[in-house]
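Okay, so here's the structure we're looking at.
The values are calculated or read from the model by the stated rules, or taken from the named source; none is laboratory data. Note that the structure is predicted; figures quoted are calculated from it, not measured. For neighbour counting, all protein chains shown are included, and Cβ atoms are generated from backbone atoms with ideal geometry for every residue, glycine included.
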Amino acid sequence: MKYKGLATRSVHAGTIIASDYPGANTPIHTSTSYRVDFDKEDYTPYPRYLNTPNHNAVANKLAALENAKYAYITSSGMAAITSAILACVQVGDHAIFQKEIYGGTYNFVERVLDKYGISSSWIAIDEMDKLESLVTNKTKLLFLETPSNPLLKIVDIKACVDFARKHKLITIADNTFATPINQNPLDMSVDIVVHSASKYLSGHSDMLCGAVLSNSKELAHNIFDHLFNHGPTLDPVALYTLERSIKTLALRMERHNSNGMKLAEYLSKHPKVTKVNYPGLITHPRHELAVKQMRGFSGMLSFEIDGDLSKAKTFISKLQIICSGLSLAGVESLISIPRLSSHYRMTNQERKDAGVADNLIRLSVGIEDHQDLIEDLEQALTSL
Ligand SMILES: *Cc1c(COP(=O)(O)O)cnc(C)c1O
């Protein structure tokens, strides 16, 4: 590969230079119609066919970062996830999903999948040793997401892939939290990687987009078939913005990683913080595994403050730089209380089973100066 390092690939891979005005960037190609030579049975670019220049430029950049042969860019993370899942299963099949996955994926499995005649089972990260008991002769798919939200648990990707191989299951990994800068599931023989590119890949909390990647020609063909027929593609201007964003991905992740580490260390020493979940800390129960399969630990962490839900709310209200808000992985630090957001609809028992306490706080650490973020946390904690 011409572009070795991840930062070099982030900047250069995929760029399509115009031949008439060769600039530094891929131009925005807005056409939905391209000239055809009717004498030849020609291939026509068309945005929904995922073959126009702006699509290819981003797809090839991301493929270079994830070491994938095939990549498709979609209009949301959920479009990527649902297309990947539906590409692997058909009526009568059974699929196994990690319990700790993104809420939207959870809803899709619970509310939509069985309407397609596909049954499903859940497996908690801490019970992966019981996977075998869930497999039937109809099981086709194992879906993983690591690190998990909001507790930053780590799944042993290699062990899951070995298991899946043994039982001829296709594996999908949601790599949104780690990004290709920190983790490459395809290198660990996962079959399909999905991303919500709305998060770190675009990185500025201003876009909705997704991606699906694979090294399997057959799976890529099935995924393409779903995208081509359902049509959740991204328009050229958004594709251009995403391409521009990924140019700084390696650079941004370097800062997200180091800020995440510094804030996790700061919080874990604070007397008003009772617990910190961050895979980069040696106190994390799967720290060694995280080190083995990740190059960095990103900017996502969660912690419990000494107190109840109202203490957590007061704490957040005192913050001056760190903004309270949903979503994650932007350049700005964002903070939320899972009890009141992602886990709002669950019963108390369900939340307890999921390990989501009322005083749990999720922090998406941005790229600001870490000293400013620590000062902000310090003044809010001191005021409690
Ligand atoms: C946000 C998110 C999604 C869904 O992505 P959208 O772009 O909102 O459709 C999927 N997986 C993870 C891990 C996410 O954080």
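Table for the structure above
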quantity	calculated
LYS140 being in contact with a strand residue (DSSP E or B) (Cβ under 7 Å, 6 or more places away or on another chain) and more than 16 Å from the ligand (Cβ to nearest atom)	yes
Selection within segment 128-146 - surrounded by 13 or more Cβ atoms within 10 Å (Cβ to Cβ) and assigned to a helix (DSSP H, G or I)	MET128, LEU131, LEU134
Every residue from segment 339-356 that is closer than 14 Å to TYR106 by Cβ and among the hydrophobic types (A, V, I, L, M, F, W, C)	MET346, ALA354, VAL356
Enumeration of residues in segment 236-274 that are surrounded by fewer than 22 Cβ atoms within 10 Å (Cβ to Cβ) and touching a strand residue (DSSP E or B) at 6+ places or on another chain (Cβ under 7 Å)	SER268, LYS272, VAL273, THR274
Any helices (runs of 4 or more DSSP H) falling wholly within segment 6-117 and containing at least 3 residues that are within 16 Å of the ligand (Cβ to nearest atom), at negative phi and surrounded by fewer than 18 Cβ atoms within 10 Å (Cβ to Cβ)	103-107
Residue that is farthest from THR146 (Cα to Cα), among those in segment 219-235 that are away from the ligand (no atom under 16 Å from the Cβ) and either assigned to a loop (DSSP other than H, G, I, E, B) or of a type in the set (S, T, N, Q) (or both)	ASN229
Where a residue in segment 277-304 is free of Cβ contacts under 8 Å to residues at least 60 places away in the same chain and its partner, wherever it lies, is crowded, with 18+ Cβ neighbours inside 10 Å and in a strand (DSSP E or B), with Cβ under 9 Å and at least six apart	GLY280/LEU301; LEU281/LEU301; THR283/VAL276; GLU304/VAL273; GLU304/VAL276; GLU304/ASN277; GLU304/LEU360; GLU304/ILE361
Unique residue being under 28 Å from ILE337 (Cβ atoms), touching a helix residue (DSSP H, G or I) at 6+ places or on another chain (Cβ under 9 Å) and not acidic (Asp, Glu) when the list is ILE118, ILE85, ILE96, ILE81	ILE81
Test result for ASN277, modelled with pLDDT of 95 or more, touching a strand residue (DSSP E or B) at 6+ places or on another chain (Cβ under 7 Å) and within 25 Å of ILE81 (Cβ to Cβ)	yes
Every residue from segment 277-301 that is surrounded by fewer than 21 Cβ atoms within 10 Å (Cβ to Cβ) and farther than 22 Å from ASP187 by Cα	LEU281, ILE282, THR283, PRO285
Checking GLY296 against (1) in contact with a Phe, Trp or Tyr (Cβ under 9 Å, 6 or more places away or on another chain); (2) modelled with pLDDT of 95 or more; (3) in a loop (DSSP other than H, G, I, E, B), the condition it does not meet	(1)
